[in-house]
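In what follows, a structure is listed as structure tokens, so that the remarks can point back to it.
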Amino acid sequence: MCVDPDTARVKIEQYYIVEDCGTILDHDVVEGQVQGAGAQGLGNAIFEALVYDADGQLLTASLMDYLVPTALDIPPLHMEHMETPSPFTFNGVKGVVEAGTVGAYAAIPNAVADALRPWGIAVTALPLSPQRVWELVQTAAPPRATAPQEGPGDTTASLNV
């Protein structure tokens, strides 16, 4: 995970999804469903927000206002599927995609919180949109000297997790 404090860009370098699918009937369908779920989970954690004004009017009602991830925002997804047949369903099948959507909503904010820790920033709300990360960095103290660096002698402000 890389967070650039100058642009507030959160870059996820790799993402792992492991779930128990029960008996897999079609591996290609499961792969596609989990990839889509991973993208949706990342979008929920970093980009997507329903914003209302004081009168309750939805302000993010179109894709002009509602930020969603693009193909450039989705990291390589590493997926593993366990097959533990369910004793309660026909053919032992189970639901698919929950790990891709639900896991991101916890994993991504925790990784961002770790990356922003040298600034003394506490992540307390989601999504971690570029605007929200930028606002957090602007109100924070400069990073402590113990902040991890990219390499020997590198002085970039980006932090990796």
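The values are calculated or read from the model by the stated rules, or taken from the named source; none is laboratory data. Values in this document were obtained by computation on a predicted structure and should not be read as measured data. With ideal geometry, Cβ positions are generated from the backbone for all residues, glycine too; neighbour counts draw on all protein chains shown. We work out accessible area using only protein heavy atoms, side chains counted, and drop any ligands, DNA or RNA first. Shrake-Rupley method; radii C 1.70, N 1.55, O 1.52, S 1.80 Å.
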Per-residue accessible area, 1.4 Å probe, largest first, puts 66, 105 in the order 105, 66
In the chain the accessible area split gives carbon plus sulfur, as whole percent at 1.4 Å, a share of 57
Once amide hydrogens are built 1.01 Å from N within the peptide plane, the residues lying 5 or more places from residue 15 or on another chain with amide H under 5 Å from its amide H are 78
Short to long, in 5 Å steps from zero, the percent of alpha-carbon pairs of the range 1-139 per bin is 2, 10, 17, 18, 16, 14, 10, 7, 5, 2, 0, 0
Across 106, 37, 71, the residue with the highest GNM fluctuation in the chain (Cα network, 10 Å cutoff) is 71
Scoring the chain by relative contact order with C-alpha pairs under 8 Å, at least six apart, yields a percentage of 36
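At 1.4 Å probe radius, can you tell me the per residue accessible area of the chain in Å²?
60
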Those GluC sites (Glu not before Pro) from the range 30-137 that are DSSP loop and have at most 15 other Cβ neighbours within 10 Å turn out to be 83
Computed on Cα atoms only, the convex hull of the range 75-149 has an orientation-averaged projected area in nm² of 7.6
Counting only DSSP beta bridges fully inside the chain, the antiparallel percentage to nearest 5 is 55
